[in-house]
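> Encoded as structure tokens, here's the structure I'll be asking about.
The values are calculated or read from the model by the stated rules, or taken from the named source; none is laboratory data. Keep in mind it's a predicted model, so treat the numbers as computed, not measured. Note that we place each Cβ from the backbone using ideal geometry, even for glycine, and neighbour counts take in every protein chain shown.
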Amino acid sequence: MAKDSRPDETGKPGSERMIGTGGGDEDLERRRLRLEATLAERRPASRDGKDAQNPSSKNSFGNAIKLSSEFVAAIVVGVGIGWVLDYWAGTKPWGLIVFLFLGFAAGVLNVMRSAGMVAEHGSQPPFGKDGSS
Amino acid sequence: MDVEAAKAIGAGIACLGMGGAGMGLGAIFGNYLAGALRNPSAADGQFGRLIFGFAVTEALGIFSLLIALLLLFT
Amino acid sequence: MSNDPIHQFQISKLIPIEIGGVDLSFTNSSAFMAAAAIAAGAFLFFGSANRALVPTRLQSMAEMSYEFVANMLRDAAGSHGMRFFPFVFSLFMFVLFGNLFGLFPYFFTITSHIIVTFALAMLVIGTVVIYGFAKHGLRFLKLFVPSGVPGLLVPLVVLIEVISFLSRPVSLSVRLFANMLAGHITLKVFAGFVTSLAAFGAVGVAGAVLPLAMTVALTALEFLVAFLQAYVFAVLTCMYLNDALHPSH
């Protein structure tokens, strides 16, 4: 690649200087055209490959980390609230049970929200079913 | 056997249920991915059903987590 | 060198200080926090010092990080959000430098302690809550009531939304902490394999090549994770700040 691109850089001033001598000019022109064709052939492929792969793999890796931790965090917070409520109010198992399910619903909501399924704080997501199940 | 020890063992056994939920989730996401690779244009439209299946399956796993937590913390 | 993979996270007091029964010692954690802040400041100061039209490498890196965070914030929170730019940018640079400093051998990773990441997350959520109430008053609570919910479901939905809101600092801090902790323990365990295999003589040294290669690969992965976690932290900060700016939309 580097070997190919060197004639192109020197080709422009070279063709201006060698304007009288027909053969060398034509030869250079042909080589430049060929180089351009090969470059055009090669460049989009390599760049597209890099562009398509790099951000998407980076983003999906980030997304996977984000989604799983958000789901777990909501459940942990739900259980924590339920346990503390039980501890203070003395309603022994029920706070934990109710808030675990609420935390689960919040986790699903978190996942759907960060997956772009639900508008940020807009329309009603279909989690009513989960909450009552 | 001590009651505390029996509780801890019971909590551990209850967590086996989470494994079942894990298998179910694997089946759901695997099949979704297989379907999405066959027909990528239809994949986005089915994402809601994927999440619904995920929620319903995971709810059963949450039941066993609930049993484990109840055994440990009450 | 011991094979204890937890040893690297121990906090030691460098300068013991105690004021009124509260332990305020200057520890190795505080030393590396100060180092991360100073390094980030020095990077940006020297990067923007000579303001060349054709940037040098350092200047171009400083400009890139600036543009990166500015675009992120503008995309997530709109042009109103730019008043939070200093906050988000310093948070991003601090987390990034803290993560990257942890990758040097024998250095302390500040973000591998949950109290540090939790304090950062609480700073973010505290900013969101205080700014939201100051700007919108009680209308900020509309964040928890999605529009178009049938009347009977409102209490349930509000409860779920509150739990969802409370889970944010937890997920924000636990994610960063768990990734850095797990990555460094994995690195240390594989590095420990190298030394313990090499003790078995020539065969062991030949076999130690495998965990060594794994360590190199893991270090590369850790560089990716260090950057990615700082990025995710900053992106989520932007999204939460967006809630404070526009609570009901």
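> Exactly one of these conditions fails for C:Cys238: (1) more than 30 Å from A:Gly95 (Cβ to Cβ); (2) outside any helix (DSSP H, G or I); (3) within 13 Å of chain A (Cβ to nearest Cβ). Give me its number.
Evaluating C:Cys238 over (1) more than 30 Å from A:Gly95 (Cβ to Cβ); (2) outside any helix (DSSP H, G or I); (3) within 13 Å of chain A (Cβ to nearest Cβ) leaves (2) as the failure.
> From the list B:Ala36, B:Ala59, exactly one residue is within 12 Å of chain A (Cβ to nearest Cβ) and of a type outside the set (Phe, Trp, Tyr). Which is it? Step through it out loud before you land on a result.
Working: B:Ala36 fails: within 12 Å of chain A (Cβ to nearest Cβ).
From the options B:Ala36, B:Ala59, the qualifying one is B:Ala59.
> Going by the structure shown, is B:Ile67 in a helix (DSSP H, G or I), aliphatic (A, V, I, L, M), surrounded by 15 or more Cβ atoms within 10 Å (Cβ to Cβ) and within 11 Å of another protein chain (Cβ to nearest Cβ)?
Working: in a helix (DSSP H, G or I): yes; aliphatic (A, V, I, L, M): yes; surrounded by 15 or more Cβ atoms within 10 Å (Cβ to Cβ): yes; within 11 Å of another protein chain (Cβ to nearest Cβ): yes.
Against the criterion (in a helix (DSSP H, G or I), aliphatic (A, V, I, L, M), surrounded by 15 or more Cβ atoms within 10 Å (Cβ to Cβ) and within 11 Å of another protein chain (Cβ to nearest Cβ)), B:Ile67 qualifies.
> So, one more: Restricting attention to segment C:46-62, which residues are part of a helix (DSSP H, G or I) and surrounded by 14 or more Cβ atoms within 10 Å (Cβ to Cβ)?
C:Gly47, C:Leu58, C:Gln59, C:Met61, C:Ala62
> Among B:Gly24, B:Gly48, B:Gly53, which is closer than 23 Å to A:Leu109 by Cα, part of a helix (DSSP H, G or I) and away from every other protein chain (no Cβ under 13 Å)? Give the steps one after another, and end with the answer.
Details: B:Gly48 fails: away from every other protein chain (no Cβ under 13 Å); B:Gly53 fails: away from every other protein chain (no Cβ under 13 Å).
Matching residue, one of B:Gly24, B:Gly48, B:Gly53: B:Gly24.
> Given the options A:Gly62, A:Gly49, name the one that is among the small types (Gly, Ala, Ser), buried (at least 16 other Cβ atoms within 10 Å of the Cβ) and at pLDDT below 80.
Working: A:Gly49 fails: buried (at least 16 other Cβ atoms within 10 Å of the Cβ).
Of A:Gly62, A:Gly49, the one residue that is among the small types (Gly, Ala, Ser), buried (at least 16 other Cβ atoms within 10 Å of the Cβ) and at pLDDT below 80 is A:Gly62.
> Would you mind finding the one in C:Leu197, C:Leu212, C:Leu228 that is within 14 Å of the chain's Cα centre (by Cα) and either on the phi > 0 side of the Ramachandran plot or surrounded by fewer than 20 Cβ atoms within 10 Å (Cβ to Cβ) (or both)?
Values: C:Leu197 fails: within 14 Å of the chain's Cα centre (by Cα); C:Leu212 fails: within 14 Å of the chain's Cα centre (by Cα).
Only one candidate passes the filter, namely C:Leu228.
> Residue check: is C:Ala70 assigned to a loop (DSSP other than H, G, I, E, B), among the small types (Gly, Ala, Ser) and either under 19 Å from the mean Cα position of the chain (by Cα) or farther than 17 Å from C:Tyr231 by Cα (or both)? Don't jump to the end; show me each part of the working.
On the way: assigned to a loop (DSSP other than H, G, I, E, B): no; among the small types (Gly, Ala, Ser): yes; either under 19 Å from the mean Cα position of the chain (by Cα) or farther than 17 Å from C:Tyr231 by Cα (or both): yes.
In short, no.
> Filter segment C:148-188 for residues that are more than 7 Å from chain A (Cβ to nearest Cβ) and small (Gly, Ala, Ser); which is surrounded by the fewest Cβ atoms within 10 Å (Cβ to Cβ)?
So the residue we want is C:Gly151.
> Next question. Counting just the residues of segment A:80-110 that are of a type in the set (A, V, I, L, M), within 13 Å of chain C (Cβ to nearest Cβ) and over 13 Å from C:Ile160 (Cα atoms), which one comes out surrounded by the fewest Cβ atoms within 10 Å (Cβ to Cβ)?
To start, the set of residues in segment A:80-110 that are of a type in the set (A, V, I, L, M) comprises A:81, A:84-85, A:89, A:96-98, A:100, A:102, A:105-106, A:108-109.
Add one more test, that the residue is within 13 Å of chain C (Cβ to nearest Cβ), and what stays is A:81, A:84-85, A:98, A:100, A:102, A:105-106, A:108-109.
Keeping just the survivors that are over 13 Å from C:Ile160 (Cα atoms) gives A:84-85.
Details: A:Val84: 13, A:Leu85: 16.
Looking at residues that are of a type in the set (A, V, I, L, M), within 13 Å of chain C (Cβ to nearest Cβ) and over 13 Å from C:Ile160 (Cα atoms), I get A:Val84.
> Let me ask something else. Could we say that C:Phe200 is aromatic (Phe, Trp, Tyr), within 14 Å of another protein chain (Cβ to nearest Cβ) and free of Cβ contacts under 8 Å to residues at least 60 places away in the same chain here? Outline the logic, then answer.
On the way: aromatic (Phe, Trp, Tyr): yes; within 14 Å of another protein chain (Cβ to nearest Cβ): no; free of Cβ contacts under 8 Å to residues at least 60 places away in the same chain: yes.
Against the criterion (aromatic (Phe, Trp, Tyr), within 14 Å of another protein chain (Cβ to nearest Cβ) and free of Cβ contacts under 8 Å to residues at least 60 places away in the same chain), C:Phe200 does not qualify.
> Against the definition (surrounded by fewer than 21 Cβ atoms within 10 Å (Cβ to Cβ), at pLDDT 85 or above and more than 17 Å from the chain's Cα centre (by Cα)), how does C:Ala119 come out, yes or no? First the steps, then the outcome.
Values: surrounded by fewer than 21 Cβ atoms within 10 Å (Cβ to Cβ): yes; at pLDDT 85 or above: yes; more than 17 Å from the chain's Cα centre (by Cα): no.
Here the answer is no, as C:Ala119 does not meet what is asked.
> Hey, among C:Leu120, C:Leu141, C:Leu103, which residue is of a type outside the set (Gly, Ala, Ser), in a helix (DSSP H, G or I), more than 11 Å from every other protein chain (Cβ to nearest Cβ) and closer than 24 Å to C:Phe45 by Cβ? Step through it out loud before you land on a result.
Working: C:Leu141 fails: closer than 24 Å to C:Phe45 by Cβ; C:Leu103 fails: in a helix (DSSP H, G or I).
Step by step, each of C:Leu120, C:Leu141, C:Leu103 is checked, and only C:Leu120 is of a type outside the set (Gly, Ala, Ser), in a helix (DSSP H, G or I), more than 11 Å from every other protein chain (Cβ to nearest Cβ) and closer than 24 Å to C:Phe45 by Cβ.
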